[in-house]
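Bear in mind these aren't lab numbers, they're just calculated from the coordinates by the rules spelled out. As the structure is a prediction and not an experimental result, all values here were calculated from the model. Here the Cβ is made from the backbone with ideal geometry for all residues, glycine too, and neighbour counts use every protein chain on show.
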Amino acid sequence: MTNINQNFAIEISDLKKIYNYKKPNAFEALKGINLNIPKKSIFGLLGPNGAGKSTLINIIAGLVLKTKGNVKVWGNDIDINERNAKLAIGVVPQELILDPFFTPRETLEYQSGYYGVPKSENCVAEILETVGLTDKADAYARSLSGGMRRRLMIGKAMVHRPPILILDEPTAGVDVALRQSLWKEVKKLNEAGVTIILTTHYLEEAEAMCDSLAIVNKGKIVAEGQTSVMLNKLDKKELIILLENDNADKIKLKGINITIMNKNLLKISFKPSEINEGEIIEKIYNSGAKIKTINSKEPDLEELFLELTNDI
Ligand code: ADP
Ligand code: MG
């Protein structure tokens, strides 16, 4: 018999989560999620804090009980085949939880034991290599940098060789340089065949990492699709221009939307697909105005929500 869904790593239908169910403080964190995540993808769950991202991935990982709906992990229904569903997933939680007195090698050996991987078959050395910690294999975890700890957490999630790796806010509170090296590591794992699911509230991270996205807001998926297609819909940018003199009201540019904010302050909204910043600035110069400062503003997550929810 052919399985029509064999291309999906995760299949979710009508998933609901009510915390404190039937109690006075009941709270509906997931309000009916339908989602299929293709195998081998890097899939992002993007949304603000409190949207329900962690709740969703913790249900997938078997760490939080659902209230209603169906979830399949690598073809295994979590209600029917809980063990196989759990074995198909490695989770890197948002918080860094490591025993400071264990070395990376010990941490991975202990975790392998936890998953019942026989010592002869464990691939601790290989995982240390994959996450770039061979040099630090025998150093205490407490002496590792933040980035190394994060990589060790990834290694820990991989000891049972799951086909799916879930990262909850992998770079929250991580500095920019480290963020990029982490993105590289995760992409390498994906190239080696691992399906990656990550949650983030950074638009930039979703853009850099994910081939597809689901945008989660208040327990619902408000938009979903290929990252590039979704970001292209946001063909919108703004320039805030401070002028040397108070003649903002005199500036008229054909075909460009100008808002006069003050006698020396302009806001220009434009579509980058139609005109670039350089051309706009040139037009302003040519109109005789002198520019003191220019600030450009990219759309933020808030605008992305508004734009995509109005649109769909
Ligand atoms: P995100 O990961 O997108 O920030 P969460 O899934 O952590 O969101 O939380 C979604 C909502 O559910 C939030 O309003 C949060 O306060 C609530 N919530 C999360 N965990 C619990 C819990 N254990 N008990 C009650 N409410 C919770
Ligand atoms: Mg979270």
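Using the Cα gyration tensor of the chain, with a ≥ b ≥ c the square roots of its eigenvalues, what is the shape: rounded (a/c below 1.5), prolate (a/b larger than b/c) or oblate (neither)?
Since a/c reaches 1.5 and a/b is larger than b/c, the shape of the chain is classed as prolate.
Go through the range 257-264 residue by residue and turn each phi into a ³J(HN,Hα) via Karplus (6.51, -1.76, 1.60, θ = phi - 60°); whole Hz please, and just put x for glycine and proline.
7, 10, 10, 8, 9, 6, 5, 10
Which whole-angstrom value gives the distance between the alpha carbon centres of the range 150-220 and the range 231-292?
37
Report the charge-dipole magnitude of the range 74-161 in Debye, nearest 20, computed about the Cα centre from +1 at each Lys and Arg Cβ and -1 at each Asp and Glu Cβ.
200
Provide 150, 142 in ascending order of the number of other Cβ atoms located within 10 Å of each residue's Cβ, fewest first.
So the residues, fewest neighbours to most, are 142, 150.
Mind checking which of 171, 34, 107 is farthest towards the positive end of the chain's charge dipole, using Cβ charges of +1 (Lys, Arg) and -1 (Asp, Glu) about the Cα centre?
Looking along the dipole axis, the top candidate is 34.
Note down the magnitude of the dipole of the chain about its Cα centre, charges +1 on Lys and Arg C-beta and -1 on Asp and Glu C-beta and zero elsewhere, to the nearest 20 debye.
Using only the charged Cβ atoms, the result is roughly 560 debye.
Rounded to the nearest 500, what is the 222 nm mean residue ellipticity of the chain from helices alone, with -39500 (n - 2.57) per DSSP H run of 4+ residues and division by all residues?
Estimated from H runs of four or more residues: -8500 deg cm²/dmol.
Taking H as built 1.01 Å from N, whose amide H comes closer than 5 Å to the amide H of residue 76, not counting residues under 5 places away?
Placed amide hydrogens put nothing under 5 Å from residue 76.
Quick one: putting +1 on the C-beta of Lys and Arg, -1 on the C-beta of Asp and Glu, what dipole do you get for the range 235-309 around its Cα centre, in Debye to the nearest 20?
In debye, rounded to 20, the range 235-309 gives about 440.
Name the residue, out of 20, 190, 34, whose mean-square fluctuation peaks in a Gaussian network model built on the chain with Cα pairs under 10 Å.
In the Gaussian network model the winner is 20.
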